[in-house]
Amino acid sequence: MAKSIANPQISLKPQDLVVLLRLSLGKDVMPTYAQLADELGITASEIHASLGRAQLAQLVYKNSQNKPCLVLEAFKQFVLHGARYAFPAMRGEMTRGVATLYAAPPLKNMIVQPNDPPPVWPSATGDVRGMALQPLYPSVPNAAQRNPALYELLVLFDALRAGSARERALAQDLLNERLSA
């Protein structure tokens, strides 16, 4: 029987993208790990691990105070051109949840709403009934409800990974603006 060999290759995880999107909002201020954990619903140790993986992926560097800083241009390129392939959209059944994609800001006012049930992140605290679109990480619906700016970035990312060609084009333009230095 062949001996199993562990794979030393590090891969980004979906929660890493959530953490990095949140960091992109405060380009000059790095919240503490505890603050990020409270806001994102991810443990402080997982925030630390996420930032470690992001550093290995060259999306984060440590500044002179040993604080993680986003490499904004690299992150923008990853979000706009690669992340949708790393974190594909997973759809589900009708459920209660938090609106996403074209049914949530900022796309909601830019796209004529179809008669179909809206896409939602499944959540007991959500107030919309629609078709499930699995969030990047289970805590995303609650984190989005706590931080409207993060909510919009997550919605735009959903449009990149699950939207129509028009929705993807709008999301790409809006994310490009929001992630520019």
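Numbers for the structure displayed
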read-out: Of all residues making up region 24-38, the number that are buried (at least 17 other Cβ atoms within 10 Å of the Cβ), over 18 Å from Ala86 (Cβ atoms) and in contact with a Leu (Cβ under 9 Å, 6 or more places away or on another chain); value: 3
read-out: All positions within region 137-149 that are closer than 25 Å to Asp173 by Cβ, in contact with a helix residue (DSSP H, G or I) (Cβ under 7 Å, 6 or more places away or on another chain) and surrounded by fewer than 21 Cβ atoms within 10 Å (Cβ to Cβ); value: Asn147, Ala149
read-out: Any hit, region 105-122, residues being over 22 Å from Pro148 (Cβ atoms), β-branched (Val, Ile, Thr) and touching a Ser or Thr at 6+ places or on another chain (Cβ under 9 Å); value: no
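No value in this document is a laboratory result; all are computed from the given coordinates. Given the structure is predicted, the values throughout are model-derived calculations rather than measurements. All Cβ positions, even for glycine, are placed from backbone atoms using ideal geometry, and neighbour counts span all protein chains on display.
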